[in-house]
Amino acid sequence: MNERLKVKKTYKLFIGGAFPRSESGRTYEVKGSDGGFIANACMASRKDLKDAVVAARSAQSTWASATAYNRGQILYRIAEMLEGRSEQFVKEISASEGISELKAEREVLAAIDRWVWYAGWSDKLAVLAGSTNPVSGPYYNFTIPEAMGVVGAIATEKNSLLGLVDAIAPIIVSGNTCIVLASGTAPLSAMTFAEVLATSDLPHGVCNILTGSKEELAPWFASHMDINGLDISGVDEPSLVSDIKTAGAQNLKRIHSFSKVQDPKRILAFMEAKTIWHPIGV
Amino acid sequence: MKYYGLVDGTEASLKNFLKSLPGVDQVGAEARAAMLGTRSIKTSSKKKAIDLAISMVDLTTLEGADTAGKVTALASKAVRPDPTDPTVPSVGAICVYNDMVSIARKHLDLVGGSHVPVAAVCTAFPSGRATMPVKIQDTIDAMDAGAGEIDMVIDRGAFLSGHLMDVFEEIVKIREVCGEKVHLKVILETGELVTYDNVRKASFLAMLAGADFIKTSTGKVAPAATPPVVLVMLEAVRDFYELTNKRIGVKPAGGIRNTKDAIKQLVLVNETAGPEWLTPSLFRIGASALLNDLLMQRMKIRDGYYASPTYVTID
């Protein structure tokens, strides 16, 4: 019997709920830990980023106006889908990061658990970070945390799936929409993750995933006037960090880098406080 | 010479002339429009194209919910699309409903925009379903209120059922009402004409009857200004120029929402009708959301980073 010809997967970008190739037509080779070829991934350009921002912006108001309970349910649904796909993630991660399947499985399960942990925060944020403020007058005065808008994130190179979850979940749980640049060396699980998002109930454009070079794209993330916040936890080089902060100063972008994982501060960093006065007895 | 000497004003001569027009190669027109759409435009030409496109925009608001406030805001924007940058040109015109014309005209003059004309949509826009006296009065009202351009709709029902002469006479009458000073644009509503052959016929019919511009759509019907339709209309004005030595303008309207689409239209103009048409007096783009995208792309080229809709007006 003839040997079966393998049907190999084309890894593309995830923008506005669709899977386009990079507008530039560029790709790069993703290599395993042994240096062997695994797959071609898209090398996103600044114009892909621009398209992703347009998608994220147009999805933002609807996503933010969904009830916190509903957002939490949708995120939990994504965890259900991840669970069903866990075997595929294990294989991809162990091939591209050169770790044993057992270790890869531990990472995948940790990623799912962390996703669920963040999903649970959805309807608790207002209670945690909001307040009723004491005032001397016939008024109520409330402070409510609100989503900031469109937030970018540069995911860490190591622990590709876990890093991706750390980047995406805290941003979108509060009602932000995000554009995340996945790990450059191990982008494959990010695109499989995008397939999970595409088949869950997450509205198109809430999460957009790019693959490519952070040296090339991070400054464009920072200078883009329509990105309100930026998580640069995945950027280690001090010169790149300072470039990003300089470029982001123009529109007073909130740029954060987090060392702690599984921390509600990662959510609150991309929220803003809104204070409302309301007369008593009306 | 009346009707450019091509027809003598009888139904038979009009039908014969339109019949003599060659049919449109549908596959060829679509392929050519798609091919021209893939042209890559480099930064320096893009900058020029964006400014040209801004000067060609007919800034439009045609909603039942239009208010005087919205129209005056639009008029201010038409004169100075980007108040932070005086090098941005004014738009080609502002396009409003009949009853908003005087408000728009007054406000334009007030804010130093006397060079920006007001275009009024007339003749029972958008359906064209009214009797002729009503359509004529509609046009006179708009002109009295200060409209410098009239965008009239044709009776598509009559055109599709073969009553070409009715459509022709209607345009001729409105042309008479407009006189020589007021610009007449004839809206074909290509989305309802079904075939490219009809688009070509209707284009010639409107040009013969005295249109200064042929316009694709009302913006109320989809599909609107698709590239192949615009291509067919540009070919029509080019052929008409060869027959009569008179240049008729083209105005695509509806569905052109971003800079990329607008530049594709300019490429079509340049490659089909020719560079002589690349001026606001012969090519206009009917749009509302497009202007903000053009301004944002212009900021991107000027500043070197991507702009945000937060920095342009909401309209």
Original post:
Being closer than 30 Å to A:Arg85 by Cα and touching a Cys at 6+ places or on another chain (Cβ under 7 Å), is that true of even one residue in the stretch A:153-160?
Top reply: yes
Subject >> Residue list for the stretch A:1-19, filter: surrounded by 15 or more Cβ atoms within 10 Å (Cβ to Cβ) and part of a loop (DSSP other than H, G, I, E, B) >> reply: A:Tyr11, A:Lys12, A:Leu13, A:Gly16, A:Gly17, A:Phe19
Subject >> Residue under evaluation B:Leu295, criteria (1) assigned to a loop (DSSP other than H, G, I, E, B); (2) within 14 Å of chain A (Cβ to nearest Cβ); (3) not charged (D, E, K, R), criterion not met >> reply: (1)
Subject >> Condition broken by B:Asp212, with the remaining ones in (1) among the acidic types (Asp, Glu); (2) touching a residue at least 40 places away in the same chain (Cβ under 8 Å); (3) farther than 22 Å from B:Arg129 by Cβ satisfied >> reply: (2)
Original post:
Cβ-Cβ below 7 Å, separation at least six or inter-chain, first residue in the stretch B:247-275 and more than 20 Å from B:Leu295 (Cβ to Cβ), second part of a helix (DSSP H, G or I) and of a type in the set (Asp, Glu): which pairs?
Top reply: B:Arg247/B:Glu276; B:Thr272/B:Glu235
Original post:
Quick one: in the stretch A:33-77, which of the residues that are assigned to a loop (DSSP other than H, G, I, E, B) and either out of contact with any strand residue (DSSP E or B) (no Cβ under 6 Å at 6 or more places or on another chain) or within 14 Å of another protein chain (Cβ to nearest Cβ) (or both) is nearest to A:Gly212 (Cα to Cα)?
Top reply: A:Ser45
Original post:
Which of (1) outside any strand (DSSP E or B); (2) modelled with pLDDT of 95 or more; (3) touching a helix residue (DSSP H, G or I) at 6+ places or on another chain (Cβ under 9 Å) does B:Ser281 not meet, given it meets every other one?
Top reply: (3)
Subject >> Search result, residues across the stretch A:111-137 that are more than 12 Å from A:Val173 (Cα to Cα), in contact (Cβ under 8 Å) with a residue 12 or more places away in the chain and under 21 Å from the mean Cα position of the chain (by Cα) >> reply: A:Ala111, A:Ile112, A:Arg114
**OP:** Kindly indicate whether A:Ile168 is under 30 Å from A:Gly35 (Cα atoms) and within 14 Å of chain B (Cβ to nearest Cβ).
**Re:** no
Original post:
Condition test on B:Ser217, is it crowded, with 23+ Cβ neighbours inside 10 Å, within 14 Å of the chain's Cα centre (by Cα) and under 20 Å from B:Ala53 (Cβ atoms)?
Top reply: yes
Original post:
Restricting attention to the stretch A:22-32, which residues are more than 14 Å from chain B (Cβ to nearest Cβ), touching a helix residue (DSSP H, G or I) at 6+ places or on another chain (Cβ under 9 Å) and surrounded by fewer than 19 Cβ atoms within 10 Å (Cβ to Cβ)?
Top reply: A:Lys31, A:Gly32
**OP:** Confirm whether B:Arg284 is in contact (Cβ under 8 Å) with a residue 60 or more places away in the chain and either loosely packed, with under 15 Cβ neighbours inside 10 Å or within 14 Å of chain A (Cβ to nearest Cβ) (or both).
**Re:** no
Subject >> A:Ser96 being polar (S, T, N, Q), surrounded by 17 or more Cβ atoms within 10 Å (Cβ to Cβ) and modelled with pLDDT of 95 or more >> reply: no
Subject >> Identity of the residue in the stretch B:298-307, out of contact with any Phe, Trp or Tyr (no Cβ under 9 Å at 6 or more places or on another chain) and of a type outside the set (Lys, Arg), that ends up nearest to the other protein chains (Cβ to nearest Cβ) >> reply: B:Ala307
Original post:
Which condition breaks for B:Val269 when tested against (1) more than 17 Å from B:Lys48 (Cα to Cα); (2) crowded, with 22+ Cβ neighbours inside 10 Å; (3) of a type in the set (A, V, I, L, M, F, W, C)?
Top reply: (1)
**OP:** Go through the stretch B:213-250 and give me each residue that's touching a Ser or Thr at 6+ places or on another chain (Cβ under 9 Å), closer than 25 Å to B:Lys15 by Cβ and of a type outside the set (A, V, I, L, M).
**Re:** B:Thr216, B:Glu235, B:Arg238, B:Phe240
Original post:
Counting just the residues of the stretch B:76-99 that are within 21 Å of B:Lys181 (Cβ to Cβ) and without any contact (Cβ under 8 Å) to a residue 40 or more places away in the chain, which one comes out surrounded by the fewest Cβ atoms within 10 Å (Cβ to Cβ)?
Top reply: B:Ser90
Original post:
Only one residue in B:Ala119, B:Ala124 is in a strand (DSSP E or B) and more than 20 Å from B:Met296 (Cβ to Cβ), so which one is that?
Top reply: B:Ala119
Original post:
In the stretch B:179-214, how many residues are within 17 Å of the chain's Cα centre (by Cα) and under 21 Å from B:Asp141 (Cα atoms)?
Top reply: 10
Original post:
Any idea which of (1) loosely packed, with under 11 Cβ neighbours inside 10 Å; (2) under 30 Å from B:Asn198 (Cβ atoms) is the one B:Ser44 doesn't satisfy?
Top reply: (2)
Original post:
Are any of the residues in the stretch A:78-100 in contact with a Lys or Arg (Cβ under 8 Å, 6 or more places away or on another chain), of a type in the set (A, V, I, L, M) and more than 14 Å from chain B (Cβ to nearest Cβ)?
Top reply: no
Original post:
Of these, B:Thr310, B:Thr226, B:Thr279, which one is within 14 Å of chain A (Cβ to nearest Cβ), surrounded by fewer than 22 Cβ atoms within 10 Å (Cβ to Cβ) and either of a type outside the set (Ser, Thr, Tyr) or under 24 Å from B:Ile94 (Cα atoms) (or both)?
Top reply: B:Thr310
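The values are calculated or read from the model by the stated rules, or taken from the named source; none is laboratory data. In this text, all values refer to a predicted model and were calculated from it rather than measured experimentally. Here Cβ is always computed from backbone atoms with ideal geometry, including for glycine, and neighbour counts include all displayed protein chains.
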